[in-house]
Amino acid sequence: MTGKILVVDDEREIADLVALYLEGEGFTVFRFYCAADALACIRKEKLDMAILDVMLPDGSGFGICKKIRESHCYPVIMLTAKGEELDKVTGLAIGADDYITKPFLPLELVARVKAQLRRYKRYNAAAEKEERVVLCGGLVLDEDRHSCTLNEKPLSLTPTEFAILSILCKNRGKVVSAETLLLQVWGEAYYSKSSNTVTAHIRHLREKMGDSFENPKYIKTVWGCGYKIEG
């Protein structure tokens, strides 16, 4: 597997170690230790993924993630401090696709990177086959082009958000549990996740769709069971 990956961490030992393992797997790594250099790289390079530390000397990984989501949908993995549950939820809420807690095993990070890239490339590959389009009420999801519109207005979704919405639409009218979403979206990384991961992505999807938590029109919560979408 190949691809261009941005790695940002002010702890040089961590950034260098991550870069070493990723380069050993054939990836091209753009390694930086501050937000300013990372943002310059985002503007210049066509990237396939970003791995961002939360705390940086001149900003934060959250700020970089927000900037990425203004114009890019490639996967973002956040590096969070041990036990900082708020960092994980915040990262997912602003568009990150996954997180990994420090200290971590480099091989686990590599596995997460490959899983995210497989999903991203699957949704964005130019396929010479019949288009796969999912229709659900005012939603139109084109799985081959990774495009989504709601009432003819485009929605900018991350690969993880797109995958969750696609599963809900394909099961329209049926309740899909958080465990099912975790298993189908995160695959082998499922066992390290919690239902809060799904909750954060659902909340972000609702925000993008202009939906409300109190009286949602599209994605509805069935308490104690999961989520469903009708259309």
Quiz item: Based on the alpha-carbon gyration tensor of region 141-231 and its eigenvalue square roots a ≥ b ≥ c, which shape applies: rounded if a/c is under 1.5, prolate if not and a/b is larger than b/c, or oblate?
Solution: oblate
Quiz item: So if R0 is 22 Å, what FRET efficiency would S212 and L86 give, r being the distance between their Cβ atoms, rounded to the nearest 0.05?
Solution: 0.40
Quiz item: What spacing in nm lies between the two simple spin-label points modelled at K4 and F104, each 7 Å away from Cα in the Cβ direction?
Solution: 2.2 nm
Self-check item: More than 18 Å apart - percent of Cα-Cα pairs taken over region 132-184
Solution: 27 percent
Practice problem: Tabulate in residue order the Karplus-calculated ³J(HN,Hα) for region 90-107, using 6.51 cos²θ - 1.76 cosθ + 1.60 with θ = phi - 60°, rounded to whole Hz; enter x for Gly and Pro. | Solution: 4, x, 5, 5, 9, x, 6, 9, 7, 9, 9, 8, 7, x, 9, 7, x, 5
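How many Å² of accessible area per residue for the chain, probe 1.4 Å?
Working: 11310 Å² over 231 residues.
On a per-residue basis, 49 Å².
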Quiz item: Rounded to the nearest 500 deg cm²/dmol, what is the calculated helix-only ellipticity per residue at 222 nm for the chain, with -39500 (n - 2.57) per DSSP H run of length n ≥ 4?
Solution: -12500 deg cm²/dmol
Practice problem: Enumerate cysteines in the chain without a disulfide-compatible partner, where compatibility requires another Cys Cβ under 4.7 angstrom. | Solution: C34, C41, C65, C73, C148, C225
Quiz item: At a 1.4 Å probe radius, carbon and sulfur cover how many percent of the accessible area of region 15-69?
Solution: 54 percent
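Longest span of the chain, sites excluded, free of chymotrypsin sites (Phe, Trp or Tyr not before Pro) in DSSP loop with at most 16 other C-beta atoms within 10 Å?
105-212
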Quiz item: Dividing the alpha-carbon Rg of the chain by 2.2 N^0.38 Å yields what?
Solution: 1.00
Quiz prompt | Formal net charge of residues neighbouring G61 (Cβ-Cβ distance under 11 Å; K, R +1; D, E -1) | solution = -2
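Sum up the charges of everything whose Cβ sits under 15 Å from the Cβ of V175, counting Lys and Arg as +1 and Asp and Glu as -1, but leave V175 out.
Working: positive: K170, R172, K174, K220, K228; negative: E179, E230.
In short, +3.
The values are calculated or read from the model by the stated rules, or taken from the named source; none is laboratory data. On a predicted model such as this, the values are computed, not experimentally measured, just so you know. Here the Cβ is made from the backbone with ideal geometry for all residues, glycine too, and neighbour counts use every protein chain on show. The accessibility values were calculated without ligands, DNA or RNA, using every heavy atom of the protein model including side chains. Shrake-Rupley method; radii C 1.70, N 1.55, O 1.52, S 1.80 Å.
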